[in-house]
Amino acid sequence: MRLRNFFPRTLFNRLLIIVLLPLLLVQLLTVTVFYVRHWNTVTRHMTQNLVADISAITSQVTNISNPIDTELLDLAKRLNFQIDWVSGKEIPNFTFSSNTYAEKAFKDSMELIIRLPFISDFVSDEDYILVGIQIDKGVLNFKFSNKRVFSSTSWIFVSWSIGSSLLLFALTLVFISAQVRPIKKLARTAYSLGIGKDLKNIPITGANEVRLATRAVISMASRIRNQMNERTQMLAGVSHDLRTPLTRLRLQIAMLPRNNEIVSMEKDIEEMELMISEYLSFAKDNVGESFSKVNLHKIFIEIIEQFKKSNYKIKLNIAFKDKYYNLRPQSFKRAVMNILTNARKYSKYTEILIKQKEDTLLIFIDDDGPGIKIEDRENALKPFHRLETSRNKNTGGTGLGLSIANNITLSHGGSLELLESPLGGLRVKVSLPI
């Protein structure tokens, strides 16, 4: 599996990854390193100061039988401790109530400074920490706020880092959206011009590069449209000029006595008229037809009905019957008719398979004929090209059927491919964007 399959397909999402991923990684690394170092350092200093205050209180104990007196209570109050005395109690070996760095640092400081048996509880109360110190015949208990061990500045730093990251993320979304929007408009414009739509008042916005690309697309589309119009007008003129003498010839032949030569001449004139019509049709290519929502199942049923008169067998497999697609109905129908007419000449049976894959409509037309060799498939889509080595010359035609179907498919923004059919003949694969 390729690595690109794991990356998003849209430009917007890719830009988000390019911009935000390094930013988030740097933020995460900074927060992690600084937070750990800051937390450990601050916690260690706070626990040392705390143990120093506890040591100051225990050092003032004079009566080990009943150490709490007025002076000791006053000192504890000034140092923000609550103390009490439990006589005759013994402290067991020290065990951690939690496995936090703060309690470990507290234990290390107690063993280093006070060096008396003690017990601590960091988890029983959410707001307070309990510590008991063994003094001869009893235990001196301390109760104090957990803020004397846990620093709130660390959480402020983390909150600020997360908040600033979210703010940068929001600003990045706005900025990237503003930059991608003109590119999307350019893509839609290029696609619309590519399928023959006549657009007016095309907006030229965005960065200088996008503006330059938009102007280039508009200019290119204008030149192509002019060339297509000139080609159509030229072929229309040639067609008209050729049809006039052909009509005179047909009238003159009709007045002559019927014989084999006259019949042969009439067939030649009919063939010439057919060629002229197909040339003109190829030049026009029905690009003037507008798009509309059509029922694909209904179109194929209408096409298949036209082939039933010739007893040609066609099987239609379609996964849906009530879905509508944006197509040029007559142009699309003509493309399918050309493909099926081509298949009927060289085969006895055709299957049509229609399905939708993500945002693409796939149409497979398979026949059981001789097929087309791989090296000839590209030429088969070229106009006026006949595959004499693989197709019967007596079947007639001008070599425009598949070429017209290909041009119509391209005018819909799709593609047409010639492949090997599971039936042994030719497979025509039509891919159309939805």
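Computed from the C-beta positions of residue 111 and residue 145, the FRET efficiency with R₀ = 30 Å rounds to 0.85. Multiplying the residue separation of residue 381 and residue 420 by 0.36 nm and subtracting their alpha-carbon distance yields 12.5 nm.
On a straight-distance basis, which lysines could pair with residue 107 in a cross-link, Cα separation under 26 angstrom, same-chain partners fewer than 8 positions away excluded? Qualifying lysines at Cα under 26 Å: 77, 89, 137, 143, 147.
Beyond 18 Å, what share of the Cα-Cα pairs of region 3-151 remains, rounded to the nearest whole percent? It would help to have the intermediate numbers written out before the result.
On the way: 7123 of 11026 pairs.
Value for region 3-151: 65 percent of Cα pairs lie more than 18 Å apart.
For a Förster distance of 51 Å, can you work out the FRET efficiency between the beta-carbons of residue 128 and residue 14, rounded to the nearest 0.05?
On the way: r = 52 Å, r/R0 = 1.02.
Given R0 = 51 Å and the Cβ-Cβ separation, E is 0.45.
Each of residue 192 and residue 226 was given a label point 7 Å from its Cα along the Cα-to-Cβ line. The distance between the two points is 2.2 nm. Select one label from (i) 25.0; (ii) 37.1; (iii) 27.0: the one whose number is mean projected area of the Cα convex hull in nm² as derived from the coordinates shown. Recomputing mean projected area of the Cα convex hull in nm² here gives the entry labelled (ii). Taking label points 7 Å from Cα along the Cα-to-Cβ direction, residue 306 and residue 252 give a separation of 3.6 nm. Only helices enter the 222 nm calculation for the chain: every DSSP H run of n ≥ 4 contributes -39,500 (n - 2.57), and dividing by all residues gives -18500 deg cm²/dmol, rounded to 500. At an R0 of 22 angstrom, the distance between the Cβ atoms of residue 25 and residue 159 translates into a FRET efficiency of 0.65. Taking label positions 7 Å along the Cα-Cβ direction at both residue 85 and residue 263, the computed distance is 13.9 nm, reported to one decimal.
Every number here is computed from the coordinates shown, using simple stated rules; none is lab data. All values reported here derive from a predicted model rather than from experimental measurement. Heads up, the Cβs are rebuilt from the backbone with ideal geometry, glycines too, and the neighbour counts pull from every protein chain shown.
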